[in-house]
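Have a look at the structure below, then the notes.
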Amino acid sequence: LHDALPICDVHPDAAGGQRAATQQRRRARRDVHITGGARPRLEDCEITAAGVGVLAEAESAVELVRVRVGGAEQAALLLAGAATARCENLSASADIAGVRVTGQARLVVRTADLAVQHGNGVEVSEGSQADVTALTVHSDGGHGIAIADGGRMTLGSSTLRGCGLLVGSGGEVTAENTEIADPVGDGIRVLGGGILAATSCRVHGARRPGH
């Protein structure tokens with residue numbers, strides 16, 4: 001799915017199958033929109049120059065296998081409205097957020113590489129849950145992972161480079177075998193009302209902002 005192609009809007013048709021309809025990319029600013037309880041699988045796909053690379057909402061469930069999202073202006077993957085996503089070998093770059101999970105959505109990640117310029121690698125909030133293994137996040141302008149407002153994450157065998165972990169009010173994180181390398185600011189920050197359980201994790205090389 002390249003910039004020259006129109007956005008793909010996926011939802012169930014009257015017979016309960018899948019149908020795809022095209023809309024103008026610049027008006028919608030999202031390349032793949034999954035809604036209405038649809039359950040598509042994207043495999044070996046590339047999505048480029050999107051506002052939001054993949055948006056799943058309204059109790060939909062998407063499976064992303066070896067998908068690459070490049071140059072997303074807002075978020076590479078956005079889950080909302082009790083949607084579910086399972087990602088294997090996801091590669092993504094974005095300006096503001098790599099993956100945003102909100103509105104009681106659920107995310108499962110088995111290997112992903114995220115690069116974010118100005119924001120957070122993974123955000124989980126509003127009662128959403130994330131089960132993440134083998135994640136690498138690169139960011140110098142935000143948190144690698146930010147959890148708050150009823151969000152929960154289980155994190156294992158992952159690496160945050162140039163960024164740290166933020167557990168905000170109402171957030172809960174269980175982390176194992178995770179490395180936080182050269183973060184700008186705090187490697188791990190837990191605010192009032194946040195819960196963190198970390199086992200066999202390593203934080204090193206913290207830098208002051210601007211250095």
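The values are calculated or read from the model by the stated rules, or taken from the named source; none is laboratory data. Note that the structure is a prediction, hence the values are computed from the model and not measured. Please note: Cβ atoms are built from the backbone with ideal geometry, for glycine as well, and neighbour counts cover all protein chains shown. Surface areas here come from the heavy atoms of the whole protein model, side chains and all, with no ligands, DNA or RNA. Shrake-Rupley method; radii C 1.70, N 1.55, O 1.52, S 1.80 Å.
Taking the condition farther than 23 Å from Arg86 by Cα and either open to solvent by 70 Å² or more (accessible area, probe 1.4 Å) or part of a strand (DSSP E or B) (or both), does Val137 pass? In short, no. Of the numbered criteria (1) of a type in the set (Gly, Ala, Ser); (2) under 20 Å from Ile96 (Cα atoms); (3) open to solvent by 20 Å² or more (accessible area, probe 1.4 Å); (4) within 14 Å of the chain's Cα centre (by Cα), the one Ala146 fails is (3). Once segment 118-132 is narrowed to residues that are farther than 16 Å from Gly194 by Cβ and modelled with pLDDT of 95 or more, the residue that is surrounded by the fewest Cβ atoms within 10 Å (Cβ to Cβ) is Asp131. Scanning segment 188-211 for residues that are under 16 Å from Val122 (Cβ atoms) and open to solvent by less than 50 Å² (accessible area, probe 1.4 Å) returns a single hit, Gly194. Residue check: Leu107 meets all listed conditions (1) in contact with a Cys (Cβ under 8 Å, 6 or more places away or on another chain); (2) under 16 Å from Val167 (Cα atoms); (3) among the hydrophobic types (A, V, I, L, M, F, W, C) but one, namely (2). Residue under question is Gly170, and the condition is that it be assigned to a loop (DSSP other than H, G, I, E, B), over 20 Å from the mean Cα position of the chain (by Cα) and either more than 16 Å from Ser139 (Cβ to Cβ) or among the aliphatic types (A, V, I, L, M) (or both); does it hold? No, not satisfied.
Any chance segment 140-154 includes a residue that's of a type in the set (D, E, K, R) and outside any strand (DSSP E or B)? Scanning segment 140-154 turns up at least one residue that is of a type in the set (D, E, K, R) and outside any strand (DSSP E or B). Within the span defined as segment 36-45, every residue fails to be aliphatic (A, V, I, L, M) and at pLDDT below 95. The residue that is most open to solvent (accessible area, probe 1.4 Å), counting only those in segment 102-117 that are hydrophobic (A, V, I, L, M, F, W, C) and assigned to a strand (DSSP E or B), is Ala115.
Which residues, taken from segment 118-129, are more than 27 Å from Gly37 (Cβ to Cβ) and outside any strand (DSSP E or B)? Scanning segment 118-129 gives His118, Gly119. Being out of contact with any Lys or Arg (no Cβ under 7 Å at 6 or more places or on another chain), of a type in the set (Gly, Ala, Ser), open to solvent by less than 60 Å² (accessible area, probe 1.4 Å) and more than 16 Å from Ala94 (Cα to Cα) is a condition met by at least one residue of segment 153-167. Scanning segment 168-187 for residues that are β-branched (Val, Ile, Thr) and surrounded by 16 or more Cβ atoms within 10 Å (Cβ to Cβ), we see that the one that is modelled with the lowest pLDDT is Val184. Give, as residue ranges, the strands (runs of 3 or more DSSP E) completely inside segment 27-94 that count at least 3 residues that are buried (at least 17 other Cβ atoms within 10 Å of the Cβ) and among the small types (Gly, Ala, Ser). So the answer is 84-94.
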